[in-house]
Amino acid sequence: MSSHPSSHTPRRFRAVSVALAAGLLSGCTMIPKYTRPAPPLATTWPGYQATGNPRLAQAASDIGWEDFFTDPRLKALITIALRQNRDLRISAANIAQAQGQYDVQHAGLFPTISATGGPMYQAPSDAAGLSFAPGLDTNKSSGGMARNPFRYYSGGIGFSSYEIDLFGRIRSLTQESAQKALAQEASQRSMLISIISQVATAYVTWLGDRDTLAVAETTLANQQDTLNLTRAKFEHGEENLLTVRQAETQVQQSAGLRADSRRKVEQDENLIALLIGAPIPADLPPPHALGEQTILADLPAGLPSDLLERRPDIVAAEHNLLAAQANIGAARAAFFPRLTLTASDGVSSLQFHKLFTAAATTWGLNPSLQIPLWTWGMNSGNLKASKAARDGQIATYEKTVQSAFREVADALAAREAYLDEKKQADALVVSSADAFRLAKMRFNAGSDSYLTTLESQRSYLQAQQSQIAVAVSKYQNLITIYRALGGGWKQHTQPPAQPSSVVRAAGTATNSATTHAG
C-alpha cells in the first residue's frame, strides 16, 4: 500500500467498499421463521405421588452433583471421571471441531485480506513489441532473445472473490454452523450427566455386591461352625449321617455364593476403572454404607414441560433442528444472484527505485455478478433436501422429548414400587431371622430335624440377598431420576433458573434463526 499523502483515491475506494459491505451485511436472511414443535405430552406424570422433601424447592437440574452425592469416595471417583473419562475427551474434541468449523464459516462474511509483493523477470521475444521498453538491451544474442530480462516490481494489499451476502446465504450457513456447535455443547452436557450417573450406578452396585459378599462370608463361617459341631456329634453317635450331609450341602452352597460375590465385586471395580478412565486409587476415602450416598431420599419431578429446557439431549436436538432451519435459508438464497468483489490497492513500477513514489500508486476493483439461469434442478434439489432434513430433525426432536418423558415416568413409577419393596424386604429379613433363630433352638433342643433349620437358614440368606438387591435398585433408581430430570451437569447447586434460560444462555444465534426472509 502506498504511504504517499497524496494518494486519496485508494482511500476513497476503501471507504466506499467498507460502507457498501456494512450496508449489505445488515440485510436479512431467508431462514424460515422458527416455531418450537409441540410434542404430545401429558400435563402431569402418570401415577406420580409427591413423596419428596417438601423443603426442597430447587429442581433436580439445579442441584449440583457435589451437593447431591455425599459419599466422599463416590465424589472422588466422579472427579477422576470428569478429568480422565475418554468419552468426555471425545466430546470435548467434537466441541472444539464444531467451534472451528463455525469460525471458518463465519470468516466468509468478511473479505480475506492479504498482502502481496515481488518482482517479475521475463525475457520477451522480438515479437512481443517491448524492444523500446526502458531498461531493455536491444542487442540480440544468438536465437533472437534480449540479453537483459524485462523487470516489473509490484506490491499491495487487497482481497479476491469476496461474496457480498446480498440474500443471507453465507449468514445462513454461519447460523447453521453456530447451531451445530451449540448442539455439541449440549451433547457434552448430556454426556457429562450420563458419565456421572454411570459412575454412581456402578458404585452402588459395587457396594451391594460387597454387602452380599459380607453376608456370604458370615453365613459360610456360621455354617462351617455348625458343620464341625454336627460332625463331632456324628462321631459320638449323637447325630446321623443325613444331617451331616445336609450341613455339608449348605456349606458348599454358601461357598459358591461367596465365590460368585467375589467375582462380581472384582468386575464392578473393573467397570468403575473403565468409567473413571484410570485405575482406582488406593488412597480414596472409605465408602459410606449402602444407602448413604446422598442425603436426599427423593427429588421433585416438576412438570413434564420442564424437560424441554432442563434436559441437555432435548436442547441439543432443538439446536440441530435450528441448524436444519438455517440450511433452508442458504438453499433459498442460492436461487438469487451472487455478487463477488476483487479489489487491490498498492504500487507497481518497472524500476525498483520508483516503486514507493506517488506515481507508482495503483488500485483495482473487479465486481462480478453471477445469476443462476439453468441449474438443471440442482438448486431446487438442494432446497428439497434441506426441507426434508428439517422435517427429519422435527421428528427427531419430538422423539427425543417423548423418550425423555417415558424415561422420567418409568423412573417415577419404579420409585413407588421400590419404596414398597424396601419395606417388605426389611420386614422379611426380620421375620426370617427370627424363624431361623427359633428353628435352631428347636434343633438344639432335639425337638425338630435339621432340615427345618436348614430351610430357615436358607430363607434367611435369601431374604438378606433380596434386601440388598432392593436397596441397590432403590438408590440406583434415585440416581436415574436425578439424571433423567437433567441433574448432574452442574458441580454446585445454583438458584433456580428462569424459564427458557437454558436455551437462551446458549447465545443469540437462536434469536437470529427466527428472522423472516426479506
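Computed from the coordinates by the stated procedures, all read-outs in this text should not be read as laboratory data. Note that the coordinates shown come from a computational prediction; the quantities given were computed from them, not determined experimentally. Reconstructed Cβ throughout: ideal geometry from the backbone, glycine too, with neighbour counts over all protein chains shown.
Positive-end ranking of Q402, S368, A331 along the dipole of segment 326-427, with charges on Cβ about the Cα centre, is headed by S368. Other residues lying with their Cβ under 12 Å from the Cβ of D391 contribute a combined charge of +2, Lys and Arg counting +1, Asp and Glu -1. Residues in segment 81-87 carry Karplus couplings, in order, of 4, 5, 9, 10, 4, 6, 5 Hz; the curve used is 6.51 cos²θ - 1.76 cosθ + 1.60 with θ = phi - 60°, and Gly or Pro positions show x. Measuring r between the beta carbons of D434 and A96 and using R0 = 51 Å, the FRET efficiency lands at 0.25.
Model label sites at R36 and A359, defined 7 Å from Cα along the beta-carbon direction, differ in position by 7.0 nm.
If you take every residue apart from V265 with its C-beta less than 12 Å away from the C-beta of V265, what net charge results, scoring Lys and Arg +1 and Asp and Glu -1? Surrounding charge for V265 is -2.
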